[in-house]
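The values are calculated or read from the model by the stated rules, or taken from the named source; none is laboratory data. Predicted model, so just to flag it, every value in this text is computed and none were measured. In this analysis, Cβ positions are derived from the backbone assuming ideal geometry, glycine residues included, and neighbour counts consider all displayed protein chains.
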């Protein structure tokens, strides 16, 4: 399809409408609605400037759909989201957009849908800053909690970590099996690596077991279960004086994913980190009503050397 080199929002929408009629075979009414919402989005993002679809950021997509939820009824917001997905697929098919922005369009929660429960960024960071390192068990709990909060590990994945899964030379952490059906190799970022090293060098009881995290009472040196990770999170919340919407390790996973989304990370990127078996699971995080979206993406912290 030929799109004028001197691209304007108008010429782009004309080409989009032609795509809807000829390629998608949509009826005139649906075409009008899709073009209308795509036009509203482009006008909002580029505010009269020459449009460059390559510059569209996932955070802008999320902000627009969240804004639409304040103006329209839920059914209309669903149509806005669908329109944008189709529009972004059109842009990608025409080579006008490098990224698959349709993955950044949030799933619109239907009436009665429960939003993801998470900690706001200030509380999330306050919790992590309050983690104690006084006793051997504190060092263990701190390392476990950071594995969940910074790398998105599930409680069971933390419990199953083995010493061989930590590659200090390459600063990576291996997850042997996830809900995706296969393992994953994650960056062992400095904060997590430092906490793990402190626990292993200063606090871990002597044991023949290869699990990274082991019990410090009763059956000393025996592997932990996922419930130990969840209880560690609950104790940390109590110590920090945080009244959380829910308790346990999933609260930290949800907070991490929501924070990444607010900072402009794509849903595919978040899903890969969290080990989601389906992108539909990751889209649930996009149902959170984000009040303020930063325009600058958050870089990964430096890896441990």
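For the stretch 79-116, filtering for residues that are modelled with pLDDT under 85, within 23 Å of residue 8 (Cβ to Cβ) and assigned to a loop (DSSP other than H, G, I, E, B) leaves 3. Within the stretch 226-238, being loosely packed, with under 14 Cβ neighbours inside 10 Å and either assigned to a strand (DSSP E or B) or touching a residue at least 40 places away in the same chain (Cβ under 8 Å) (or both) holds for one residue alone: 227. Taking the criterion of being part of a helix (DSSP H, G or I) and either over 17 Å from residue 157 (Cα atoms) or in contact with a helix residue (DSSP H, G or I) (Cβ under 6 Å, 6 or more places away or on another chain) (or both), the residues of the stretch 184-210 that qualify are 190, 191, 192, 194, 195, 196, 197, 198, 199, 200, 201, 202.
Would you be able to say whether some residue in the stretch 122-142 is assigned to a loop (DSSP other than H, G, I, E, B) and within 16 Å of the chain's Cα centre (by Cα)? Among the residues of the stretch 122-142, not one is assigned to a loop (DSSP other than H, G, I, E, B) and within 16 Å of the chain's Cα centre (by Cα), which makes the answer no.
Would you mind stating whether residue 219 is more than 15 Å from residue 162 (Cα to Cα) and surrounded by 14 or more Cβ atoms within 10 Å (Cβ to Cβ)? No, not satisfied.
The number of residues in the stretch 191-225 being touching a residue at least 12 places away in the same chain (Cβ under 8 Å) and at positive phi comes to 1. Against the numbered list (1) more than 26 Å from residue 217 (Cβ to Cβ); (2) out of contact with any helix residue (DSSP H, G or I) (no Cβ under 9 Å at 6 or more places or on another chain); (3) crowded, with 16+ Cβ neighbours inside 10 Å, residue 170 comes up short only at (3).
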